[in-house]
1. Residue 384 is checked against (1) out of contact with any strand residue (DSSP E or B) (no Cβ under 6 Å at 6 or more places or on another chain); (2) touching a residue at least 12 places away in the same chain (Cβ under 8 Å) and fails just one. What number does that condition carry?
2. Run residue 297 past the list (1) within 13 Å of the ligand (Cβ to nearest atom); (2) within 32 Å of the chain's Cα centre (by Cα); (3) not basic (Lys, Arg) and report the number of the one that doesn't hold.
3. Inside segment 54-136, counting only strands (runs of 3 or more DSSP E) that do not spill past its ends, which hold 2 or more residues that are in contact with a His (Cβ under 9 Å, 6 or more places away or on another chain)?
4. Among the numbered conditions (1) free of Cβ contacts under 8 Å to residues at least 12 places away in the same chain; (2) within 16 Å of the ligand (Cβ to nearest atom), tell me where residue 246 comes up short.
5. I want to confirm something. Restricting to segment 290-299 and keeping residues that are not in a strand (DSSP E or B) and not small (Gly, Ala, Ser), which single residue is modelled with the highest pLDDT?
6. Considering only residues that are buried (at least 24 other Cβ atoms within 10 Å of the Cβ) and more than 13 Å from residue 40 (Cα to Cα), which ones fall in segment 76-86?
7. I'd like to check something: does segment 316-338 contain any residue that is in the same structural domain as residue 219 (by TED's automatic domain parsing), within 11 Å of the ligand (Cβ to nearest atom) and out of contact with any Cys (no Cβ under 9 Å at 6 or more places or on another chain)?
8. If you take the residues in segment 232-259 that are surrounded by fewer than 22 Cβ atoms within 10 Å (Cβ to Cβ) and on the phi > 0 side of the Ramachandran plot, which one is modelled with the highest pLDDT?
Amino acid sequence: MKGFVIALVLAFGPMNAQPQQTNLIPAPVAYSVRPGNVSPSRTAVLDERIRISRRTLLRRLGGRQLTDWQLKSAYWLELGKKGVKIEAADEEGVFYARQTLKMLAALDSPLTCCTILDWPRFRYRGVMLDESRHFQGKDFVMKQLEMMALLKMNRFHFHLVDNPGWRVQIDAYPLLTALTAWRPEAFFWDWEKNEIGGPFVDEGTPGAYGGFYTKQDIADILAFAAERHIEVIPEIEMPGHNYETRAAYPELACSLPGGGKDPWELCPGKESTFEFLEKVLLEIFGMFPSQYIHIGGDEARKNNWKLCPDCQARMKAEGLKSVEELQSYMIRRMERFAHAHGKRIIGWDEILQGGLAPDATVMSWHGIEAGLKAVREGHDVIFTPTHYCYLDYHQDSAQFRPVGRYLPLEKVYSFDPMAASITEADAHHVLGVQGCLWTEHVQEAWHAEMMLYPRVFAIAETGWSQAERKDWPDFERRASVLSAVARRWGYTVFRL
Ligand SMILES: [Zn+2]
């Protein structure tokens, strides 16, 4: 560490011993003030000199060893009275330098001339949006992607399908959207009563609530995200959370003695289930260039698999001793399918039960224990523990529709994905952190934004800033400055 500090001083030249205050979120690795300042209105006309050169950037870094993915995002930025100089190893670093400038121009008037050297701590800095329970649509998503980019976040986890509605066009199975994208009740809990979903209605039915993304909508969102260096990871849930799939294609359910139907899961005993999932995934792969496909895997009840003759026959044929192993069979089989198409799977941490698929990445949401176990077993992990990262939880008991645990900004900010028990050799398996906005209680766009902000600011800083740069009192001050700016831009931000 000492060598690194010396290297930084060499790279920056003499600078003040005291670190200078900046309003930036996420906090950069190194920031130092230069003489002079610039009016925000002048930033657009400043002379900009960009140099993309790995060797030049390495010189700026001194002896510091960065991984390849860190180097790609790293940048050196000098804001002077007459011009801006940016050095980076890749276009991505230039992009992040410009986001920094954009944020400085929004936060400070005048802008203090400065030098910044910066790179991310984690490679996965994400936000998840549940578009099934309540549907916001393309403009809303793009607006949030814009804010994510400003915060140097780079993964958008798109929860597109779930019990209350299938939200993406699939040509091979048109009934998915034709029969389940619309419902009579707008508010989710008016539709789902006693844990049983309600009816769906046709598009155009008076008062119908819902919507879905066409392939063109998805292409528009992906182009918008790609310009901002954000990867969009779609989630197609299996085997649980499939009430809507089953409403459109009842034959994908277990065949139970007496004709009863499981209201919520797909039948892993039937070959037709795999044929369905594979055809759906092929279309999803065609739409989304991400290397990853999120296959859900959470909260499958599995009770009816014990009664279903198809599931029982499958277990016997494959030598599976429990329904957990039957789920694991399904996930492993889908992983082989994903691999055959050059994709890798991510699943919620229940995919650990019954044996983890060999190359799966785990999204640790039941606290961090499942994630730590997966890391020990040599798997990649994204941490999104409910009690730090579930943004549907309330920030104040007096807020609109408060639910779940109390999750104020400070608690979100306090999370460190790199738990003390993770060894240095395993550290590379910790991909990063994600904030999840489930929308059971969140119908209106303003409400969704109020749940996201300012807590997403904290997730962004946890994902990008080095652990030693995190500082709660200073972050609280910066979050309040950025909140005011975000409100000016038309975002609804929860008032601290
Ligand atoms: Zn079955």
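The values are calculated or read from the model by the stated rules, or taken from the named source; none is laboratory data. These numbers were taken from a predicted model, which means no experiment stands behind them. Glycine gets a Cβ as well: all are built from the backbone with ideal geometry, and neighbour counts include every protein chain shown.
1. With respect to (1) out of contact with any strand residue (DSSP E or B) (no Cβ under 6 Å at 6 or more places or on another chain); (2) touching a residue at least 12 places away in the same chain (Cβ under 8 Å), residue 384 is out only on (1).
2. (1)
3. The qualifying strands (runs of 3 or more DSSP E) are 124-130.
4. In the conditions (1) free of Cβ contacts under 8 Å to residues at least 12 places away in the same chain; (2) within 16 Å of the ligand (Cβ to nearest atom), residue 246 misses (1) alone.
5. To start, the set of residues in segment 290-299 that are not in a strand (DSSP E or B) comprises 290-291, 297-299.
When the remaining residues are screened for being not small (Gly, Ala, Ser), the result is 291, 298-299.
Values: 291: 97, 298: 91, 299: 89.
Checked segment 290-299; the qualifying residue modelled with the highest pLDDT is 291.
6. Listed by number, the residues that qualify are 76, 77.
7. Yes, because at least one residue in segment 316-338 is in the same structural domain as residue 219 (by TED's automatic domain parsing), within 11 Å of the ligand (Cβ to nearest atom) and out of contact with any Cys (no Cβ under 9 Å at 6 or more places or on another chain).
8. 258
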